[in-house]
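Accompanying notes for the structure given below.
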Amino acid sequence: MLEDASSSPNARPRVVSFEPQRASDPKQPVGPTHPGEPTRSGGPARLRGPRGLRTHPRAVGERWQLRLSDGSCFSVSPEGLRIAGIDPRELAPEAELDPGLIERLLAGDRVVQARDKAVELLARRAHSLGELRQKLLRRAFDSRSVEEALTLLSERGYLDDRGFARQWVEQRLERHPEGQPALAAGLRRRGLSREIVEEVLADSCPPEIQRRSAAVLLERLSRRAMAAGRSPDRDELRRVLQRRGFPSSLVLELLRGSFWEGRGVSGQAGESKDAGAVGPDGEYGSG
C-alpha cells in the first residue's frame, strides 16, 4: 500500500483552494492563519488584480484567500503577488508550494500592507518620506517592507520631499510667520535632508519674503496689543520677532521705520525693558 504523500514530514503543502474574497464578506483573515488562531478583519484592497486572475471578474480590487493542505490559510492581495514575482498560476489547486515561495508571498503582502498604511496617512495630510518611514516603523512594519513600500509610492509620485517642503514653508509663513532658522529647524524635524532644506528656503524664503513675513507678524502683534487696550511696545515686539528667528537687523529696521508712524508705539527699539506682556510661549499680548 502506498503511503499518502501528504502525511510525510517532508511533504510540501498543496494548494486546496485559491479564491477571491467577496466584498460581501466583511470579515476575512488577513495574513497567515491556522485553525484556532485569532484573526483580524481586513477589507478588500482597492488594487487591480494581476493578469492571471481575470477569469474571476470580482477578483479585481479584492483580496484572495489561499488554503493549503496543512490547514494553513493566507489572505493575499494581487499586488502582493506582483511584488513577490509570483504567477497566480503557481497557486492552482493541487500545486505543491515550497517554503521559499510562501515566504515570498508573505513578504510581498507585507509590502502592500505597509504601503496601504502609508496611503492612509497621506490621505490625512502630506508627509515627508522621513516622517512616513518613522510612523510605519513605529507601527511594527519591518524595515525592508517599509523601504519597498516607500519606493513604490515615490515612483508613483505620492512622495516628493521638495514639494512637501515648499508647501510646508508656504503654509507656515501664512499661519505662523517666522525666520529662516526656525523654518529650517521645523523642516529638519520632519525628516528633510539639509540639502533639501537649504534649497527650498533659498527659493521659498528669500530676503524680500522674510521681510514681508516679519512685517505681517508685527502688524498682527500690534493689533492684538491695541485690541487689549495697550500700546504696542517696541522692545517686547523685538524680542518676539527674534524668538521667531527673524534677523536682528531686519527687526530693528522695521521697528525704526515708517511702519510705526501714527501707531502710538511706546519704548525705543534696542532699549532694555521688562517684557511683562509677552506670554510664556513668546507670543506678544498673550499674558
Whole-percent tail of the Cα-Cα distance distribution for the range 215-260, cut at 12 Å, equals 59
Debye, to nearest 20: dipole size of the range 215-260, +1 on Lys, Arg Cβ, -1 on Asp, Glu Cβ
140
Those residues of the range 78-121 whose amide nitrogen sits under 13 Å from the label point placed on Arg139, 7 Å along Cα→Cβ
110-121
With bins of 10 Å, the percent of all Cα-Cα pairs of the range 161-204 per bin from 0 is 32, 64, 4
From phi via Karplus (6.51, -1.76, 1.60), per-residue ³J(HN,Hα) for the range 122-135 in Hz, x at Gly/Pro
5, 5, 7, 6, 5, 9, 7, 4, x, 4, 4, 4, 5, 5
Quick one: net charge around Leu101, please, counting Lys, Arg +1 and Asp, Glu -1 for every other residue with C-beta under 11 Å from its C-beta.
-3
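Every number here is computed from the coordinates shown, using simple stated rules; none is lab data. In this text the structure is predicted, and so the values were computed from the model without any measurement. Here the Cβ is made from the backbone with ideal geometry for all residues, glycine too, and neighbour counts use every protein chain on show.
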